[in-house]
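Report on one structure; see the data block that follows.
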There are 2 protein chains.
Amino acid sequence: MTTWCRFKTGNKTSYGVVEGDQMIAVEGTPFGEHKRTAQSYPLASVKLDIPVRPETFYCVGINYKDHILKMAKMRGVEPSFPPKPDIGYRTNNALIAHDEDIVKPADAGDAFQYEGELVAVFGKRCRNVSKEEALDYVLGWTIGNDVSERNWQKIDRTLWRAKNTDTFKPMGPWIVTGLNLDDMTTVIRVNGRETDRFKTNNMIFDAPTYISEVSKYCTIEPGDVMWMGTDGVPENIKPGDTVEIEITGIGVLRNKVVQGK
Amino acid sequence: MTTWCRFKTGNKTSYGVVEGDQMIAVEGTPFGEHKRTAQSYPLASVKLDIPVRPETFYCVGINYKDHILKMAKMRGVEPSFPPKPDIGYRTNNALIAHDEDIVKPADAGDAFQYEGELVAVFGKRCRNVSKEEALDYVLGWTIGNDVSERNWQKIDRTLWRAKNTDTFKPMGPWIVTGLNLDDMTTVIRVNGRETDRFKTNNMIFDAPTYISEVSKYCTIEPGDVMWMGTDGVPENIKPGDTVEIEITGIGVLRNKVVQGK
């Protein structure tokens with residue numbers, strides 16, 4: 001098990017390995033050749049960056065039964081379960097790191113919500129792989145917060161600004177390798193109060209199914225990410241709130257909401 | 001007016017400037033510092049690469065009145081005009097260069113079609129810009145072919161494989177700066193026979209409108225691209241066919257269709 005982080009010093013971004021309360025700087029990246037350097041820092045002093053900037057940013061829209069049932073009830077519509085693993089996308093402009101601020105735009109409404117998600121980070125190029133071998137192409141796992149403006153989600157023809165406005169995609173804090181998905185629980189807290197708790201792997205289509213299906217048509221590159229969806233019914237968040245998403249074995253992704261101009 | 005191309009020599013990809021039948025290699029990129037080298041090649045000998053690999057790949061889904069009217073008639077549905085400029089996305093895995101092959105998957109149906117599009121390539125970081133200043137952030141223009149599998153487009157929950165399967169996004173041949181959009185005509189040919197011809201700038205929402213609107217929520221980065229939609233009713237293409245998309249002042253993007261396994 002290795003914990004890969006990406007950190008900033010001045011204008012430079014580098015990879016490092018977290019061990020206890022220390023971070024050892026690494027030359028190279030986890031996606032290619034790399035070696036540990038002699039330089040280490042106290043983890044508490046490190047400014048974390050997003051753990052990777054993907055070539056393609058895959059995102060599973062709806063992938064938990066409870067989320068679909070409860071969201072449909074709330075919207076007064078019939079629940080609709082996805083019949084097959086059709087993948088969606090998000091965009092890099094929206095990515096922010098652990099501890100960076102989610103900026104709520106001035107024209108965003110009250111239905112401004114978090115979604116806590118498991119994220120697969122790919123380590124190897126992957127095309128036409130079986131379900132059985134799919135996880136061999138995953139370097140490790142991180143956490144994503146699929147921040148959503150529900151009114152824009154409803155009224156726009158696409159998900160562009162509802163899901164991809166700048167700062168709407170916190171990802172981090174780091175990538176952890178060698179985890180067992182069945183051991184994971186996702187816990188979401190707003191200002192320290194638990195708002196959701198679910199078995200992370202209780203998905204309609206699991207990660208191997210999605211990876212195998214996508215790879216029949218699309219080449220997945222090292223550094224690409226796949227966000228796996230959320231469960232439960234997210235609550236509204238507002239400027240001043242802090243959202244924490246914790247997944248067993250990975251850690252906590254924490255971001256504060258601030259008011260945009 | 002400058003014609004920027006990106007070309008391959010061995011495993012290396014570099015930028016160059018096209019002048020007449022020669023290509024002069026450039027150190028650096030058009031998005032940052034650069035200078036011409038003393039090295040030039042006959043253009044005919046150059047293996048072109050896609051002119052840029054974007055951080056975010058914006059794509060306007062439907063943006064021409066005739067396309068909407070005729071496609072709706074063909075599908076037996078009411079035409080639906082977009083009430084506002086909501087942007088969509090495509091993905092990097094699908095990009096191929098001029099003269100590279102579009103691979104039609106073995107399980108794709110007959111309704112396999114081209115869409116000829118004008119593409120804006122951004123040269124500067126762009127956030128919250130007015131319509132009037134929007135084009136100042138565009139480095140230049142290239143051509144895109146938004147290859148689409150219409151049955152998948154209809155039956156899937158998202159556009160993922162209908163629009164983003166590997167090789168479904170030819171882009172090129174190069175980027176041309178300093179063009180006047182009102183002077184452009186888009187002409188599409190299949191096996192040399194003209195199948196579509198339309199005024200390139202006859203859009204429902206023009207490029208400045210889209211750029212200004214997107215930039216209210218999303219930071220557009222240098223190297224990002226925005227595909228502007230197509231007009232007319234595309235025809236089906238099949239393995240063996242060659243599609244050419246010509247736009248005044250830019251050139252011709254040509255790709256052959258081959259059968260996938």
Other protein chain Cβ atoms within 10 Å, averaged over every residue that makes up B:82-91: 5
Where the centre of each part is set by its Cα atoms, how far does segment A:44-117 sit from segment B:45-87, in angstrom? 25 Å
Axis carrying A to B; for chain A the Cβ-nearest residue and its rounded Å distance come to A:Tyr89, 3
Separation in nanometres of the label points that stand 7 Å from Cα toward Cβ, at A:Asn128 and A:Asn236: 5.1 nm
Which translational diffusion coefficient, to the nearest whole µm²/s, is obtained for segment B:66-144 from the Stokes-Einstein equation, given a Kirkwood hydrodynamic radius over C-alpha pairs, 37 °C and 0.692 mPa s? 199 µm²/s
The exposure ranking of A:Thr165, A:Thr9, fewest beta-carbon neighbours within 10 Å first, is A:Thr9, A:Thr165
Local net charge near B:Lys199, Cβ-Cβ under 13 Å (Lys/Arg +1, Asp/Glu -1): -4
Overall form of segment B:1-49 per C-alpha gyration tensor (a/c, 1.5; a/b vs b/c): oblate
Kindly identify segment A:148-261 as rounded, prolate or oblate by the Cα gyration tensor criterion: order the square roots of the eigenvalues as a ≥ b ≥ c, call it rounded if a/c is under 1.5, otherwise compare a/b with b/c, prolate if a/b is larger, else oblate. oblate
Are there GluC sites (Glu not before Pro) in segment B:28-115 that DSSP marks as loop and that have at most 15 other Cβ atoms within 10 Å, and which are they? B:Glu33
Under 5 Å between amide H atoms, partner at least 5 residues away or on a different chain: which partners does B:Val258 have, H built in plane at 1.01 Å? B:Ile102, B:Val103, B:Lys104, B:Gly240
Can you run the Rg to Rh ratio on segment A:125-195? Use alpha carbon positions and the Kirkwood inverse-distance Rh. 1.07
Put the label 7 Å from Cα along Cα→Cβ for B:Gly109; what are its distances to the other copies, in nanometres, shortest first? 3.5
Would you please name the chymotrypsin sites (Phe, Trp or Tyr not before Pro) within segment B:38-125 that are DSSP coil residues with at most 14 other C-beta atoms within 10 Å of their C-beta? none
With θ taken as phi - 60° and the coefficients 6.51, -1.76 and 1.60, list the Karplus ³J(HN,Hα) couplings across segment B:115-131 in order, rounded to whole Hz; mark glycine and proline as x. 9, x, 9, 6, 10, 8, 10, 7, x, 9, 4, 9, 9, 6, 9, 7, 4
CD proxy, 222 nm, chain B: helix-only mean residue ellipticity via -39,500 (n - 2.57) per DSSP H run with n ≥ 4, per residue, nearest 500, stands at -3500 deg cm²/dmol
Fraction of beta bridges assigned by DSSP in chain B that are antiparallel (%, nearest 5): 90 percent
What are the distances, in nm and sorted shortest first, from the label point of B:Asp183 to the label points of the same position in each other copy, with each label point placed 7 Å from Cα along the Cα-to-Cβ direction? 6.6
Other-chain or far-sequence residues with amide H under 5 Å of B:Gly88's (modelled H): B:Cys59, B:Val60, B:Gly61
Per its Cα gyration tensor (rounded if a/c is under 1.5, else prolate when a/b beats b/c, else oblate), chain A is best filed as oblate
What nm distances, shortest first, do you get from the label point of A:Glu133 to those in the other copies when the point sits 7 angstrom along Cα to Cβ? 5.3
Exposure proxy ranking, count of Cβ atoms within 10 Å, fewest first, for A:Lys256, B:Lys169, A:Lys104: A:Lys256, A:Lys104, B:Lys169
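FYI, it's all coordinate maths here, none of it is from the lab. All figures in this text were calculated on a predicted structure; none of them were measured in a lab. Positions of Cβ are generated from backbone atoms using ideal geometry, with glycine treated the same way; all protein chains shown enter the neighbour counts.
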